[in-house]
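The values are calculated or read from the model by the stated rules, or taken from the named source; none is laboratory data. Keep in mind that what you see is a predicted model, and the values were worked out from it rather than measured. Note: ideal-geometry Cβ built from the backbone for every residue, glycine included; neighbour counts use all protein chains shown.
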């Protein structure tokens, strides 16, 4: 939603009478030693791993952002937590957002001062050029308002006249390609898409949007607040036979994870670039009958996105309807009810950034319940992020094929669980319940994750 408007030289030989075979042996031994060293410094594992267990790097690789001059930090300690279309007009604006855990601005009003942002240790990706920016933003949701096509673009945006020429044609590819040519050289380009990519377009059409224009991509589906998203032509698309979704099927945090997975599925080669997630903070639709997102829903939506591979979070920070209309939900009174939760979530993301940027260990965890899980290997330990997808309460047993350890710490909840034979049990209250576990005593897989 685009509102508001506006590598070593060959080994030297000191003896010349070494036979060719000996030379080969020495060089081979050196190569193998070097290879072993490199492997042990990344994700060493016990070989073989249990059947079905694989180690998967985060999309793009941990150092992805370091490829771009003046880009976002490549440090494992950085996880992007952005806010959409804010204004930064005074030095005091950025500390307000940083206090809520925001470290990035995705789009800014034209009168914003990027110097204030950088001085405060944050970053910016606007749709206009600045030597201080860490990226360049393409047009938002061009998959929807311009469509999957290469017709001529008039230069107009919705509401300002005919967009494509001829008028009934589609020109979204032209829009993005034109804007790419306006981006500074070597700048990281970011674009967000919408229901075209996630619901309406073919794999080939959506894939062209996702792969051809930007180095970071996201899609926004506001499952908790969109009055239309439960329809057969929208959210119902996720079903084998599209139909209108019930509220219990539609208004679920796990659907934010679905959107991330849907977008990641179009990326080719698989895992080639980071996919970020969008989560709304208020009442982003004008309809009074539309829901307003709650604090538990925000927390659950964020963690569902991360479970499913999101490498960044962008918050939609505007309320266009409901009881409190605002362009700055995290700053003003309209955000009072959700700000403590959003702040706590963002603080936990910052604390766990090295974990979140570490490899996934797929297939290592099995569960007895209806939950989504992501297992991360970091510093010799397993971390498990688990989110319920069931409306009602449930007791869930989680088993690790090479679990190790004798206990599990539930992070942020001041409690621990016994682990017996690689298994432990916990309860989930509802579909917004999320628990993050650290397996104490390492893991029997031998995956360091460093």
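So the values come out like this:
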read-out: Only one of 222, 213 that is under 30 Å from residue 62 (Cα atoms) and touching a helix residue (DSSP H, G or I) at 6+ places or on another chain (Cβ under 6 Å); value: 213
read-out: Residue in the stretch 318-334 that is surrounded by fewer than 17 Cβ atoms within 10 Å (Cβ to Cβ) and not in a loop (DSSP other than H, G, I, E, B) present; value: yes
read-out: Pairs, first farther than 15 Å from residue 349 by Cβ and not assigned by TED's automatic domain parsing to the domain that holds residue 104 in the stretch 271-282, second modelled with pLDDT under 95 and surrounded by fewer than 24 Cβ atoms within 10 Å (Cβ to Cβ), C-beta under 9 Å, six or more apart; value: none
read-out: Scan of the stretch 158-183 for residues that are in a loop (DSSP other than H, G, I, E, B) and under 16 Å from residue 201 (Cβ atoms), ordered by number; value: 169, 170, 171
read-out: Residue in the stretch 390-406 that is touching a strand residue (DSSP E or B) at 6+ places or on another chain (Cβ under 6 Å) and either assigned by TED's automatic domain parsing to the domain that holds residue 303 or under 20 Å from residue 351 (Cβ atoms) (or both) present; value: no
read-out: Cβ-Cβ under 6 Å pairs, at least 6 apart or on other chains, the stretch 228-244 side more than 24 Å from residue 286 (Cα to Cα), far side loosely packed, with under 15 Cβ neighbours inside 10 Å; value: 242/232; 243/232
read-out: Only one of 428, 424 that is buried (at least 20 other Cβ atoms within 10 Å of the Cβ), modelled with pLDDT of 95 or more, over 25 Å from the mean Cα position of the chain (by Cα) and not assigned by TED's automatic domain parsing to the domain that holds residue 309; value: 424
read-out: Every residue from the stretch 256-273 that is closer than 15 Å to residue 224 by Cα and buried (at least 24 other Cβ atoms within 10 Å of the Cβ); value: 256, 257, 259
read-out: From 281, 330, residue being farther than 27 Å from residue 391 by Cα and under 22 Å from the mean Cα position of the chain (by Cα); value: 330
